[in-house]
Amino acid sequence: TNIDYVDTSKYVSKKPKCRWKDIFLQNSHTGRIDRLRLIRACLNTVIHNFKRDLAGWYVDLFIYLQPTDVELLTLQDEMFATFMGKYPKMINRVLDFIKNIATHKDFHLDDFISKAGILLSSEVKSIVSSTLSILEKAAKTHKAKQAEICMGVTPVFVNKDEAIQTKAAKIILQYGSDSLVE
């Protein structure tokens with residue numbers, strides 16, 4: 001499909017409400033399209049080996065739909081599944097949304113911690129940095145999970161970047177228990 005080209009075409013983008021993103025947004029607001037199903041489908045495209053441009057278009061649609069925190073909390077499993085995708089830009093965009101819900105009481109922190117190792121071992125610095133920020137934010141709120149979060153941060157120490165290692169060390173020093181720090 002060339003849906004990604006149609007929305008970026010100089011001819012279509014001049015006309016208001018003629019882009020596919022606007023059509024999906026309008027139909028999801030009126031109820032003609034199940035909004036949650038549409039958002040879920042956008043997330044699922046990231047892991048289905050679509051071409052980068054097309055997968056990027058779906059992630060842009062996901063962002064354009066501006067999912068609420070309630071919708072994001074409902075779709076946590078799908079967001080976590082995007083970590084297995086092959087396009088770092090898309091993973092980063094999903095991580096930005098996860099930052100918004102990381103402190104919520106219904107956030108699946110245990111699942112995120114278990115999948116954080118994949119993100120923290122990434123060669124892409126922005127993915128590692130975003131993951132550390134989410135874990136730090138969660139450690140501030142979820143005091144009972146601080147030791148587990150600190151243990152989950154340890155894969156960062158194989159990273160070559162000293163700034164990333166320093167950030168992880170600060171998280172461990174600030175939120176780790178005395179027995180963990182020693």
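The single residue among Val124, Val128 that is of a type in the set (A, V, I, L, M, F, W, C) and surrounded by 14 or more Cβ atoms within 10 Å (Cβ to Cβ) turns out to be Val128.
Screening the candidates Ile134, Ile172 for the property of being over 30 Å from Phe50 (Cβ atoms) and surrounded by 15 or more Cβ atoms within 10 Å (Cβ to Cβ) yields one hit, Ile172.
Restricting attention to the stretch 149-163, which residues are open to solvent by less than 80 Å² (accessible area, probe 1.4 Å) and within 18 Å of Lys115 (Cβ to Cβ)? Result: Ile149, Cys150, Gly152, Val153, Thr154, Pro155, Val156, Asn159.
If the requirement is being under 20 Å from His48 (Cα atoms), touching a residue at least 40 places away in the same chain (Cβ under 8 Å) and within 10 Å of the chain's Cα centre (by Cα), which of these qualifies: Met79, Met90? Spell out how you get there, then give the answer.
Values: Met79 fails: touching a residue at least 40 places away in the same chain (Cβ under 8 Å).
Of Met79, Met90, the one residue that is under 20 Å from His48 (Cα atoms), touching a residue at least 40 places away in the same chain (Cβ under 8 Å) and within 10 Å of the chain's Cα centre (by Cα) is Met90.
If I filter the stretch 145-154 for residues that are within 22 Å of Leu72 (Cα to Cα), in a helix (DSSP H, G or I) and in contact (Cβ under 8 Å) with a residue 12 or more places away in the chain, do I get at least one hit?
We begin by selecting, within the stretch 145-154, every residue within 22 Å of Leu72 (Cα to Cα); these are 145, 149.
Filter again for in a helix (DSSP H, G or I), leaving 145, 149.
Narrowing the set further to residues that are in contact (Cβ under 8 Å) with a residue 12 or more places away in the chain leaves 145, 149.
Checked the stretch 145-154: at least one residue is within 22 Å of Leu72 (Cα to Cα), in a helix (DSSP H, G or I) and in contact (Cβ under 8 Å) with a residue 12 or more places away in the chain.
As a summary of the residue check, Glu123 satisfies the conditions (1) outside any helix (DSSP H, G or I); (2) within 19 Å of Leu43 (Cβ to Cβ) except for the one numbered (2). Scanning the stretch 105-121 for residues that are surrounded by fewer than 17 Cβ atoms within 10 Å (Cβ to Cβ) and over 16 Å from Met79 (Cβ atoms) turns up Lys105, Gly117, Ser121.
For the stretch 41-64, the count of residues that are part of a helix (DSSP H, G or I), in contact (Cβ under 8 Å) with a residue 12 or more places away in the chain, open to solvent by less than 70 Å² (accessible area, probe 1.4 Å) and in contact with a Gly (Cβ under 6 Å, 6 or more places away or on another chain) is nonzero.
The values are calculated or read from the model by the stated rules, or taken from the named source; none is laboratory data. On a predicted model such as this, the values are computed, not experimentally measured, just so you know. Methodologically, a virtual Cβ is constructed for each residue, glycine included, from the backbone with ideal geometry; neighbour enumeration extends over all protein chains shown. Surface accessibility is based on the protein's heavy atoms, side chains included, excluding ligands, DNA and RNA. Shrake-Rupley method; radii C 1.70, N 1.55, O 1.52, S 1.80 Å.
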